[in-house]
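The values are calculated or read from the model by the stated rules, or taken from the named source; none is laboratory data. These numbers come from a predicted model, not from an experiment. Backbone-built Cβ (ideal geometry, glycine too); neighbour counts: all protein chains shown. In case anyone asks, the SASA skips ligands and DNA or RNA and just uses the protein heavy atoms, side chains included. Shrake-Rupley method; radii C 1.70, N 1.55, O 1.52, S 1.80 Å.
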Amino acid sequence: MPIQNINADELRELIKMKKGELEIIDVRQPEEYEIIHIKGSKLIPLNEIQMRMDEIDFNKDVIFLCRSGSRSAIAAHMTAASGRNVKNLGNGICECYKKWNGEDLEIKEDMIGKYF
């Protein structure tokens with residue numbers, strides 16, 4: 001299946017229009033997720049994706065994300081290879097942080113400077 005790469009603006013629009021119909025999967029490590037993540041996203045680190053595929057609701061629009069889009073692209077390709085239709089947040093949560101002014105994000109302000 002082809003993978004659709006989306007940007008932060010497109011994800012923001014999807015969150016507004018289809019909030020309950022999205023399955024946002026964050027493939028970073030738990031300590032990264034703790035610093036900043038999208039509200040309602042689910043943490044499944046990249047090295048656990050294959051083992052935890054049954055935790056992903058493929059009846060929804062599935063969007064993978066990471067810090068910059070690299071790890072999530074790997075997860076998206078692995079998942080698409082099994083015949084699933086998925087999206088990848090191309091520039092990752094970095095772009096969301098820069099563009100969203102904190103909306104739809106959970107941020108630990110005291111740690112964010114160490115992450116970006």
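Coupling constants for the range 39-48 follow from the phi torsions by the Karplus curve (6.51 cos²θ - 1.76 cosθ + 1.60, θ = phi - 60°), and in residue order they are 4, x, 6, 10, 8, 9, x, 3, 5, 10 Hz; glycine and proline get x. Among Lys98, Lys19, the order of accessible area from largest down is Lys98, Lys19, computed with a 1.4 Å probe on protein heavy atoms. Under a 5 Å amide H cut-off, with hydrogens placed 1.01 Å from N, Val62 pairs with Glu23, Lys87 among residues at least 5 apart or on other chains. Since only Ile107, His37, Ala8 are under comparison, the one whose Cα sits farthest along the positive direction of the charge dipole of the chain, derived from C-beta charges on Lys, Arg, Asp and Glu, is Ala8. Helix 8-18 versus the longest principal axis of the chain: what is the Cα-based angle in degrees, 0 to 90, to the nearest 10? Long axis of 8-18 versus the principal axis of the chain: about 70 degrees. When the chain is treated as a GNM with alpha-carbon contacts under 10 Å, the residue of Asn91, Asn101, Asn47 showing the greatest mean-square fluctuation is Asn101. Taking amide hydrogens as placed 1.01 Å from N in the peptide plane, the amide H of Asn91 sits under 5 Å from those of Ala8, each at least 5 positions away in sequence or on another chain. In this rough spin-label picture, where each label sits 7 Å from Cα along the Cβ direction, the Glu103-Lys16 distance is 0.6 nm.
3J(HN,Hα) couplings calculated from phi for the range 92-97 with the Karplus curve 6.51 cos²θ - 1.76 cosθ + 1.60 (θ = phi - 60°) are, in sequence order, x, 5, 4, 5, 4, 4 Hz; Gly and Pro show x.
In order along the range 64-81, the Karplus-derived 3J(HN,Hα) couplings, from 6.51 cos²θ - 1.76 cosθ + 1.60 at θ = phi - 60°, round to 9, 8, 8, 6, 10, x, 6, 5, 5, 5, 4, 4, 5, 5, 4, 6, 5, 5 Hz, and Gly and Pro are given as x. Spherically averaged projected area of the convex hull of Cα atoms, the range 23-116: 5.6 nm². Taking amide H as placed 1.01 Å from N in the peptide plane, Lys42 has its amide H under 5 Å from the amide H of Ile24, Ile25, Asp26, each at least 5 places away in sequence or on another chain. Relative contact order, whole percent, for the chain stands at 36, derived from Cα pairs under 8 Å and 6 or more residues apart.
Overall, the range 23-109 carries a charge dipole of about 300 debye about its Cα centre when +1 sits on the Cβ of Lys and Arg and -1 on the Cβ of Asp and Glu, all other atoms neutral.
Of all DSSP-defined beta bridges confined to the chain, some 20% are antiparallel rather than parallel.
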